[in-house]
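Since the structure comes first, as structure tokens, the remarks are kept for the end.
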Amino acid sequence: MKRILVTGGCGFIGSHTIVDLVENGFEVISADNFINSHEEVLPALKKLTGREIPNLNIDLTDRKLTLDTIEANGPYDAIIHFAAFKSVGESIAKPFKYYQNNIRSLINVAEAAFKCGVMNFIFSSSCTVYGDAESMPVSEESPILPAISPYGLTKQSGENTLKDLARNEPNFRATLLRYFNPAGAHESAIIGEASRNPSTNLVPIICEVAAGKREKLVVYGGDYPTRDGSCIRDFIHVCDLARAHTSALKFTLEKRSDKKVEPFNLGIGNGITVVEAIRAFEKVTGESVNFEIGERRKGDVPAIFSRFDKARKILNWEPQYGVEDIMRSAWKWEQRRFG
Ligand SMILES: NC(=O)c1ccc[n+]([C@@H]2O[C@H](COP(=O)([O-])OP(=O)(O)OC[C@H]3O[C@@H](n4cnc5c(N)ncnc54)[C@H](O)[C@@H]3O)[C@@H](O)[C@H]2O)c1
């Protein structure tokens, strides 16, 4: 049985990926200090997988602790590195928080990988690496333009660090997964998005407004050159994303590429506006969402959606869910968090 270290395994995407990995026969160990997640996810994962998932409760920005703890709990066949902060807006207000956490933790985890001889690495990247892309949809060949937020810069920096490591170590393989807009929850509603910090992602905010936990939703910008003036995004169901990690892991372990570093876009290629996303939620749940159009937000690109043909062809991956499934599952989760 292959043994995989999943950093950030207690977070939103990490927890859904752990379920998919266990269902596909992998043994998983998580490393997460709950800085943006809750310990309740561990019993929830046990309920879903029937397995106790061990978690190394360490701050991955602490180099010595990270190297020593990861080494002491090995061996591993691969590392999937999710742990990072993820709010574009917050990164503009607090750039050093993002440089420190995201860049430092990637360097420490990569150093631990090298120290333990783990030559298969999967990195949670983001469509923010494309910057303010000029033409849509973006493919992996689209230019990497200047990052428009410190968060995006940390993802570009992570990708570049891994490329540099691969240049100097013949056996090292890194797969870069560029997510578009992950949302939704496991169909059981046993796990979902449960950030410790107030969420800045659209779908959890829609759910919180519908549940009466927030008064209203502000749509940032109504004057973009799009169908209704709001930004266009490519929402991908977190369970589709989780499956893509299992495929990417097999691809990496089996060394199915001549290239040592391979990027993959993970979106569903169907860009919808923020207002259309709100309407889709209202349609499938029958709940109404109190929203207003506000000012544009710094760091947002007007539109971004993906071509994912490469993931389809090479990873054999196909998204199964659309925006209505995302909204339905997110609402079910909102109604019974950690039930
Ligand atoms: N959710 C999105 O919209 C999105 C989009 C593109 C890329 N990503 C990337 O995917 C990854 C996972 O995102 P998510 O939505 O699951 O976020 P999340 O915040 O739910 O999960 C991240 C997990 O990492 C942990 N963590 C963070 N810093 C840590 C540290 N220094 N030491 C130990 N643990 C630490 C947190 O406690 C959390 O459980 C991140 O790298 C994020 O940048 C997310």
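The values are calculated or read from the model by the stated rules, or taken from the named source; none is laboratory data. What you see is a predicted model, and the numbers here were worked out from it, not measured in a lab. Glycine also receives a Cβ, built like all others from the backbone with ideal geometry; neighbour counts cover every protein chain displayed.
The condition (being more than 21 Å from Ser199 (Cβ to Cβ) and in contact with a strand residue (DSSP E or B) (Cβ under 8 Å, 6 or more places away or on another chain)) is satisfied by just one residue among Leu48, Leu56: Leu56. Evaluation of Glu215 against the conditions (1) under 20 Å from Trp331 (Cα atoms); (2) surrounded by 19 or more Cβ atoms within 10 Å (Cβ to Cβ); (3) charged (D, E, K, R) shows that the sole unmet condition is (2).
If you check Ser157, Ser199, Ser195, Ser188 for being of a type in the set (Ser, Thr, Tyr), part of a loop (DSSP other than H, G, I, E, B) and more than 10 Å from the ligand (Cβ to nearest atom), only one passes: Ser188.
Checked against (1) crowded, with 16+ Cβ neighbours inside 10 Å; (2) within 10 Å of the ligand (Cβ to nearest atom); (3) within 27 Å of Gly117 (Cβ to Cβ), Phe26 meets all criteria but (2). Scanning the range 151-180 for residues that are of a type in the set (A, V, I, L, M) and either under 30 Å from Arg297 (Cβ atoms) or at pLDDT below 95 (or both) yields a total of 4.
Let's see how each residue does on (1) in contact with a Ser or Thr (Cβ under 8 Å, 6 or more places away or on another chain); (2) crowded, with 22+ Cβ neighbours inside 10 Å:
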site	(1), (2)
Leu253	no, no
Arg256	no, no
Lys260	no, no
Asn265	yes, yes
Gly269	yes, no
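The residues of the range 283-328 that are among the small types (Gly, Ala, Ser), touching a helix residue (DSSP H, G or I) at 6+ places or on another chain (Cβ under 8 Å) and surrounded by 15 or more Cβ atoms within 10 Å (Cβ to Cβ), listed by number, are Gly299, Ser306, Ala311. When the range 50-83 is filtered for residues that are more than 11 Å from the ligand (Cβ to nearest atom), within 20 Å of the chain's Cα centre (by Cα) and not β-branched (Val, Ile, Thr), only Ala78 remains. For the range 113-134, filtered to residues that are of a type in the set (A, V, I, L, M) and not in a helix (DSSP H, G or I), the residue that is farthest from the ligand (Cβ to nearest atom) is Met119.
Residues that are of a type in the set (Val, Ile, Thr) and either touching a Pro at 6+ places or on another chain (Cβ under 9 Å) or surrounded by fewer than 21 Cβ atoms within 10 Å (Cβ to Cβ) (or both) were ranked within the range 130-150; the one that is modelled with the highest pLDDT is Ile144. When Pro170 is tested against (1) under 25 Å from Ile268 (Cα atoms); (2) in a loop (DSSP other than H, G, I, E, B), only condition (1) is not met. Scoring Cys10 on the criteria (1) crowded, with 22+ Cβ neighbours inside 10 Å; (2) more than 12 Å from the ligand (Cβ to nearest atom) leaves a single failure, condition (2). Among the residues that make up the range 282-297, is at least one of them closer than 20 Å to Tyr179 by Cα, more than 18 Å from the chain's Cα centre (by Cα) and of a type in the set (Ser, Thr, Tyr)? No, because not a single residue in the range 282-297 is closer than 20 Å to Tyr179 by Cα, more than 18 Å from the chain's Cα centre (by Cα) and of a type in the set (Ser, Thr, Tyr).
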